[in-house]
1. What is the number of the single condition among (1) buried (at least 17 other Cβ atoms within 10 Å of the Cβ); (2) hydrophobic (A, V, I, L, M, F, W, C); (3) in contact with a Lys or Arg (Cβ under 9 Å, 6 or more places away or on another chain); (4) part of a helix (DSSP H, G or I) that A:LEU196 does not meet?
2. Any idea which of B:GLU205, B:GLU216 is over 27 Å from A:ARG72 (Cβ atoms), modelled with pLDDT of 85 or more and within 22 Å of the chain's Cα centre (by Cα)?
3. Could you list, in sequence order, the residues of region B:107-161 that are on the phi > 0 side of the Ramachandran plot and among the aromatic types (Phe, Trp, Tyr)?
4. Can you run down the residue pairs with Cβ atoms below 9 Å, 6 or more apart or on separate chains, where the first is in region B:27-44 and within 9 Å of chain A (Cβ to nearest Cβ) and the partner is of a type in the set (Ser, Thr, Tyr) and in a loop (DSSP other than H, G, I, E, B)?
5. Give me a count of the residues in region A:154-186 that are more than 7 Å from every other protein chain (Cβ to nearest Cβ), surrounded by 22 or more Cβ atoms within 10 Å (Cβ to Cβ) and part of a strand (DSSP E or B).
6. Taking region B:108-133 as the search range and keeping residues that are among the aliphatic types (A, V, I, L, M) and in a loop (DSSP other than H, G, I, E, B), which one is modelled with the lowest pLDDT?
7. Look at region B:94-131 and say how many of its residues are away from every other protein chain (no Cβ under 14 Å) and buried (at least 19 other Cβ atoms within 10 Å of the Cβ).
8. Looking only at region B:52-74, decide whether some residue is more than 18 Å from B:ILE173 (Cβ to Cβ), surrounded by 14 or more Cβ atoms within 10 Å (Cβ to Cβ), modelled with pLDDT of 85 or more and of a type in the set (Lys, Arg).
Amino acid sequence: MLLGRRTLILFSAAMITSVLISPVSQASENAGAFVKELGDKAIRLLTVSDITEAEREDRFRSLLREGFDVERIGRFVLGRYARRANPDMIKEYHALFEDLIVATYASRFSEYSGQKFEIRRVAEPKDTGDAIVMSQIVAGSGSPVRVDWQVHGAGNNYKIVDVRVEGVSMSVTQREEFATVIRRNDGKVDALLEALRQKTSSLKSKSASR
Amino acid sequence: MIQNIKNKWLGIVLSACAIFALSACASAPQDKVEREAYLEANDPIEPLNRGVFKFNKALDEGFVKPVSTMYHDAVPETVRNAVRNFLNNLRSPLILANNILQGDFDGAKVTIARFTMNTVAGFGGIADPAGDLGAKYRNEDFGQTLAVWGVGEGPYVMLPFLGPSNPRDAIGIVVDSLIDPVGHVIGGVAATTEGTTRTGMQGLELRSRNLKNLEELEKSSLDFYTTVRSLYRQLRTDAIKNGGTQDTIPTPGITFEDDVPQGKLQAQLTR
């Protein structure tokens, strides 16, 4: 080898740092603090092992209502099919949608094993006026998981309106799923409500038997 | 031609898909709401795709998943990480080629530095000291390069064996296997064997890391076929934008109107 090992390593290390260092945004500190606080609270309240699954779900639900604009997310997820539903159906849909989120995610906090929740930075894209709080979840081994939070609001009234894990938006994914269920059942919103009822009860019975 | 057999096989699969696609193509619905939903799904050959998905899933449950589970349980994590690092490092020349084709010279610098450091200080690529320094592995492929050049993804296609894709990414797979410098260095029949083994190992490695994730995903999904389709597209969009580190991160999710017209949503998704 022409170059010494050491030179090569130093040289490549220099190249890595030259590319990676970039200025950090100071804006939207509030939105970042809001997400950080919510995340820390979730870890504090939901990961304890001496509560029942029902209690965990209750706690999760109140944090969800506190930190997320669930109704707005639900509206986006149902999308154009809202035109085909009457007010009673819409009401039941929103209740079931919240149940689905609770049933899907609450139990995952019981599997918490010391992962760290860190805010990387906050971006303010021009198109929506919402702040994007970029965070990562770092486990002991393995690469960190990138989680971006779209936060709507100002002052001290913030609500999360979307979560993106490694670039995958929860609301976009669910919107597509829901649309498929309706479309494959002759365009009936009732079919979605039925599927949601079944899914939430099956997820619940699973977490209860754990 | 390098990796002849693999490419011939790919060619057969792709052209079979094309023929089926033409015959299975359902016409767009007339109803306005249905039509919008149909266009947003961008999946004109859905019936065929669902059939292939079923086949892939059976293959996964009968073979890939059991083998990956065995691999995951029998091989210690440190060894599996070494295998992953080695496979990633071996992809460096191809990634570099795509970095350059995309005009991403910062990316090219990182790829060169990673390859140099991991090969020299990482025991021939089984360790990832460059990653520990903050230069994480980032995959590039010709499908992404085409996207950077402005080529649209086209309709969703579920490929047998290879999984979710679209015409752009399928072409990318073929081009990558043709231009991979590692294949050219090895040459001849050995390159075919090497290419096939490497593809197989990469599949096994990837599957074994997602055993639990995919299970959870399927459990909470209302329609797993659609979940996979949505995930594939979003992950590809993310990869094309290199993880959206720019402040111009797209916001396909909540943008005021819940009734986003199809074109606008697509624009948001692909921007």
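1. Going through the list (1) buried (at least 17 other Cβ atoms within 10 Å of the Cβ); (2) hydrophobic (A, V, I, L, M, F, W, C); (3) in contact with a Lys or Arg (Cβ under 9 Å, 6 or more places away or on another chain); (4) part of a helix (DSSP H, G or I), A:LEU196 breaks only (3).
2. Only one candidate passes the filter, namely B:GLU205.
3. B:PHE123, B:PHE161
4. Within 9 Å, the pairs are B:ALA41/B:TYR156.
5. Residues flagged as more than 7 Å from every other protein chain (Cβ to nearest Cβ), surrounded by 22 or more Cβ atoms within 10 Å (Cβ to Cβ) and part of a strand (DSSP E or B) within region A:154-186 amount to 3.
6. Applying the filter and picking the extreme gives B:LEU133.
7. Selection size over region B:94-131: 5.
8. The answer is yes; a qualifying residue exists.
The values are calculated or read from the model by the stated rules, or taken from the named source; none is laboratory data. Keep in mind the model is a prediction, meaning the values are calculated, not measured. Glycine also receives a Cβ, built like all others from the backbone with ideal geometry; neighbour counts cover every protein chain displayed.
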